[in-house]
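To keep things clear, I will list the structure first and then write my remarks on it.
Read the figures in this text as sums done on the coordinates, not as results from a lab. Predicted model only: the values in this text are computed from it and were never measured. Every residue, glycine as well, gets a Cβ built from its backbone with ideal geometry; the counts of neighbours run over all protein chains shown.
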Amino acid sequence: MNLHPLVAVAGSPNAGKSALFNALTGARQKVGNYPGVTVERHSGKLTLADGRPVELVDLPGAYSLDPASPDEAVTRDVLLGKQKGERQPDALVIVVDASNLDNHLRFCLQLIELGLPTIVALNMVDLAKRDGLELDRKTLERELGVPVIETVAVRRRGITDLQTALDNMLSAPFCGMHEHVTSDLIHLQRRAREIATAAVVSETPVRRWTHRLDSVLLHPVLGPVILAAIMFVMFQAVFAWSEAPKSWIEDAVASLSNLVSGVLPPGVLRSMIVDGAIAGVGAVVTFLPQILILFFFILLLEGTGYMVRAAFLMDRLMHGVGLSGRAFIPLLSSFACAVPGIMATRTIDDPKDRLTTILVAPLMTCSARLPIYTLIIAAFIPNARLAWGVGLQGVVMFGLYITGITGALLAAYVLRRGVLKGGGGGFMMELPKYQWPLLKDVAIGMLTRSQIFLKRAGTIILGTTIVLWALASFPHAGPGQKQSEVSIAGHIASGIETVVKPIGFNHDIALALLPAMAAREVAVSAIATVYSIDSPDEKASATKLQDKLQHRWSLATALAFLAWFVFAPQCISTIAVTRRETNGWKWPLFMVGYLFVLAYAFAGLTYWTAVALGL
Amino acid sequence: MNAPFRPDVISLDLLKVGTRARVSSVDWAALDEGEACRLRHFGFDEGVTVEPLHLGPFGRDPIAIRVGRMTVAIRRRHAGAIHVLPIQ
C-alpha cells in the first residue's frame, strides 16, 4: 500500500506539461502502461522540503473532460478516480500556457470544479512576454480561486515556488471533491475568455516569431524542400553516426562471448549462452545506437514544434491513400526500426488511421534488412556503373526501398477500402509555438526509450533466441550427418522448403528463415553458420560467404530472396509490439498473414520472371 | 441552429489567407461527434475571430487557422462546416 500523496499534473496539449513534470521530478521517472489501453503512464517521485515523498503522475494532455481520444479518456478517468491501475489523485497541478489562456482556462475551470486541492502553473510566461502579452497573476488567482504560480518549465524557472505551494497545499486539510462538473463546453469557453481578458494587463501587437517561421517552414514550395532536407540529414545521421558505437557494441558482444567461452566448459550450457543468448540479444542490441539517434531527432523535432508542421505538410499526400499526416513520422521512424515506429503511432487519434499505420509500418525498409541487402547485392549484382556517380548496386538498393514504400502505400490504400473501411480519417491538430527544447528533456526522453528497448531485448528477444537455439541444436548430428538436417530446426526447415521451393528457395534458405524470425539480419549469420557447421574445412568468414553464395545460389534465387525480405514480417519484436499496441492477437496475426502472402507472391514473381528471362 | 441567411457570410474554406473573419455559425450536424468535439476544444464558437494563415502545399489542404490565440490545422472539408463573416 502506497501512502504517499498522489499529485496529478494535468493540462491542455502544448501547455509545457511534460517539461514541468521533468522539472519537478528530474530523471527519477517510470514509464508504464495503463492496463488495457495503449496509453503511457509517466510517474515520478518528488521530495517536499520537510522530506515527505510525493508521487507525481503526468496525465496525457486533454482539452476537456469530454474525451476525443483514448489519451483524453484516461485523463478523465484518472481525475474522476475511475481509471483501473490508478488511485484517485490527492491534488492537482494544472499547467496552462500563459499566451493561450483563452483556450487553456476552459479545461482549467473544469478541473478546478472537481474540488481537489489545486495549483495552477502559469507556464511559458517568457513566451507570452515575447509575444507582447503582460498578465496579472493576482487577477487570475482571484478569478480562479486557487494559487497561481508563474513558471518557465523549460528554463526551470518558478519550480521552487511551485514546490513550496505544493508543500503548503498538501499540509492543509482537504474538504472532499465534487462528482459533477460542468460539461457545457461553450459556457466554460466563454467564462475562460472573460477571465483571460480580465487578466491581460497590456498587449502590444508584435510580429510573432512563430508566424514568421511558419511563413518559411509552411511555405508551399520551401516547406516541402526544407522537410526533405531535414529528413535527409536525419537519415544520414541514423546511418553514419551510429557506425562507430555500433561497432563498439559488436566488439563488446564478441569479447563477452569469448569471455564466456573461456570460462565455461564446452557443452550445452555454453552453447546456449554463447550461440543462443549472447548472439541473439547482441544482434538486436547493436541497433540501440540507431534507435537512440532516431529518437534524438524525433524528440528534438517534437520539442521544437516542427513535428506537427511536418504532419501538416504531408497530410494531403497521406490522405490520398487513406492515412493522415500524423502517420508520416511513425512511418519515417520505421525506416530505422518498425518497433519505435509502431510505438510512435500513439499520437494518431483515429483508431482506424492508427491501425492502418501500424499494419503498413513493417513495409518501410528497416535497418535490419540492410545486412541482408548488402550481402546479396555484393554477391550477385555486378558493380557496374550506369552513369556518372550512379552504380548498378546502388540502384538495386534504392529500388528495394522504393518497392517497400510503394507496397506500404498500396497496402494502406487497400486496407482503408477493405477491412479498415470508414472512420473519421480527420486531421485536426494544434500548431504549437516554436521553442527550443531543453536538451535535458530530450535526454530524459532518450533514456526512457532505451530502457523500454533494452527491457524488450532482455525478455522477449532473449526468450525467442534461446528457443531457436534449442531447435537448431537438438538432437545432435551423428557422424556423417549434417546438423542442419538432423536438428528439429532442420526438420522444420525441410517442411518449410516444400512450401518455398516453388519460389526458388533451397534448404539453406528455409533453415535461415526460421532464426530470422527473431530479427531479419540473423538470416545472414544463420546462412553463414549452416555453411560452416556443414563443411568444417571451410571457414565462415564474411568475404567467403559471398563466394559460397555465388556457387550455391542462382541469380534468380538471390533476387527472389531480396524480394522476400522487402515484404516478409520476419521480426518477433515487431509482432510483439503490434500485439501490445493493438491489445490482442487478431491484428498481429492479420499483419503476419498478409505480409507473408505478399512476400511469397513477390518472391515468386521475381523468381519466375528471372527464370523466364534465363537469369 | 442555422444563422439567418446573410449574403456576405462564406464558409471558412473560402476565406482568403490573411483575412480576418468572425464565426457566424458552425454546422455541427455536418461533423461527426469526435470532430465536433475537437473543433469546440479548439475554441470554434460563434463570435470568435478566425484567420487562415497557411495552406497545405498539396491541394491547398489542410488549412492552418488562427482561432483566438492559438493556431490549429484542420482539413478543408471541416472548414467548410464553419460559416464566417469577413471583417472589413
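Take the Cα of A:LEU80, go 7 Å toward its beta carbon, and the backbone nitrogen atoms of segment A:97-125 under 13 Å from that spot belong to A:114. Once the mean of 1/r is taken over each pair of separate Cα atoms and inverted, chain B shows a Kirkwood hydrodynamic radius of 12.8 Å.
Around the Cα centre of segment A:439-612, unit charges on the Cβ atoms of Lys, Arg, Asp and Glu (plus for the first two, minus for the last two) sum to a dipole of about 560 debye. Compute the distance from the alpha-carbon center of segment A:480-532 to that of segment A:1-60, in whole Å. Between the Cα centres of segment A:480-532 and segment A:1-60 lies a distance of 48 Å. With the charge dipole of chain A set up from +1 on Lys and Arg Cβ and -1 on Asp and Glu Cβ about the Cα centre, the Cα lying farthest toward the positive end among the listed residues A:ILE278, A:GLY32, A:VAL611 is that of A:VAL611.
Beyond 15 Å, the tail of the calculated P(r) for segment A:110-204 holds 68 percent of the Cα pairs. Summed over qualifying helices (DSSP H, 4 residues or more, each -39500 (n - 2.57)) and divided by its residue number, chain B shows a 222 nm mean residue ellipticity of -3500 deg cm²/dmol. Taking a sphere under 13 Å around the Cβ of A:MET446 and counting the other residues whose Cβ falls inside, with K and R at +1 and D and E at -1, yields a net charge of 0.
Between helix A:370-380 and chain A there is an angle of about 30 degrees, using the helix long axis and the longest principal axis of the Cα atoms. Model label sites at A:SER255 and A:THR374, defined 7 Å from Cα along the beta-carbon direction, differ in position by 2.2 nm. Entry note, chain A: the mean residue ellipticity at 222 nm calculated from DSSP H runs of n ≥ 4, each adding -39500 (n - 2.57), is -18000 deg cm²/dmol after division by the residues and rounding to the nearest 500.
With the charge dipole of segment A:222-367 set up from +1 on Lys and Arg Cβ and -1 on Asp and Glu Cβ about the Cα centre, the Cα lying farthest toward the positive end among the listed residues A:ALA361, A:LEU323, A:GLN290 is that of A:LEU323. Here each label is just a point 7 Å from Cα along the line to Cβ, and for A:ALA198 and A:PHE596 those points are 6.6 nm apart. A Förster distance of 56 Å, applied to the separation of the beta-carbon atoms of A:ASN33 and A:LEU386, puts the FRET efficiency at 0.65.
Peptide A:427-434 shows a mean partner chain C-beta count of 6 within 10 Å per residue C-beta. Peptides A:119-125, A:577-583 ranked from most to least packed by the mean count of surrounding Cβ atoms within 10 Å: A:119-125, A:577-583. Charging the Cβ of each Asp and Glu at -1 and of each Lys and Arg at +1, and nothing else, the dipole of the protein assembly as shown about its Cα centre rounds to 740 debye. DSSP bridge analysis restricted to the protein assembly as shown gives an antiparallel fraction near 65%, rounded to the nearest 5.
Legend: mean number of C-beta atoms from other chains within 10 angstrom of residue C-beta atoms, peptide B:40-53, equals 4. In whole percents, the pair-distance distribution calculated for segment A:295-356 from its alpha-carbon pairs, binned every 10 Å from zero, is 24, 59, 18. Cβ-Cβ distance of A:HIS4 and A:MET231, R₀ of 51 Å, FRET efficiency by 1/(1 + (r/R0)^6): the value works out to about 0.70.
Take the Cβ atoms of A:PHE398 and A:TRP608, set R0 to 30 Å, and the FRET efficiency comes out at 0.80. May I ask for the distance between the Cα centers of segment A:141-174 and segment A:353-428, given as a whole number of Å? Rounded to whole Å, the Cα centres lie 50 Å apart.
Net charge dipole, segment A:6-206: roughly 440 debye, given to the nearest 20, about the Cα centre with Cβ charges of +1 for Lys and Arg and -1 for Asp and Glu. Please report the base-10 log of the normalised intensity I(q)/I(0) for the protein assembly as shown, using a Debye sum with one equal scatterer per alpha carbon and no solvent, at each q in 0.05, 0.06, 0.10 (1/Å). Computed log10 I(q)/I(0) values: -0.29, -0.41, -1.01. From least to most packed, judged by other beta carbons within 10 angstrom and beginning with the fewest, A:LEU111, A:LEU595, A:LEU386 follow the order A:LEU386, A:LEU595, A:LEU111. Shown for A:GLU250, A:GLU72, A:GLU55: other C-beta atoms within 10 Å of each C-beta, ranked fewest to most, produce the order A:GLU250, A:GLU55, A:GLU72. Among the residues of B:69-80, the average count of other protein chain beta-carbon atoms within 10 Å of the residue beta-carbon is 6. Close amide H partners of A:CYS337, meaning residues 5 or more places away or on another chain with modelled amide H under 5 Å apart, are A:SER367. Based on Cα atoms of segment A:1-156, Rg over Rh with Rh as the Kirkwood radius reads 0.95.
The ellipsoid that matches the Cα gyration tensor of segment A:274-400 has semi-axes, each √(5λ) in whole angstrom, of 29, 22, 14, with the longest given first. All distinct Cα pairs of segment A:439-612 go into the 1/r average, and the inverse of that average, the Kirkwood radius, is 17.8 Å. Scanning chain A for chymotrypsin sites (Phe, Trp or Tyr not before Pro) lying in DSSP loops with no more than 12 further Cβ atoms inside 10 Å, the longest uninterrupted stretch between such sites is A:1-387.
Among A:ASP275, A:ASP136, sorting on how many other beta-carbon atoms sit within 10 Å of each Cβ, with the fewest leading, yields A:ASP136, A:ASP275. Relative to the longest principal axis of the Cα atoms of chain A, the long axis of helix A:185-199 lies at roughly 60 degrees. Each label was represented as a point 7 Å from its Cα along the Cα-to-Cβ direction; for A:ALA172 and B:ALA29 these points are 4.8 nm apart. In segment A:207-340 the Cα-Cα distances spread across 5 Å bins starting at 0 as 2, 9, 15, 16, 13, 10, 9, 7, 6, 5, 4, 3, 1, 0, 0 percent of all pairs.
Of all DSSP bridge pairs formed entirely within segment A:6-206, close to 45 percent run antiparallel. Give me D for segment A:33-105 in µm² s⁻¹, whole number, from Stokes-Einstein with Rh from the Kirkwood sum over alpha-carbon pairs, 10 °C and 1.306 mPa s. Rounded to a whole number, D works out at 116 µm²/s.
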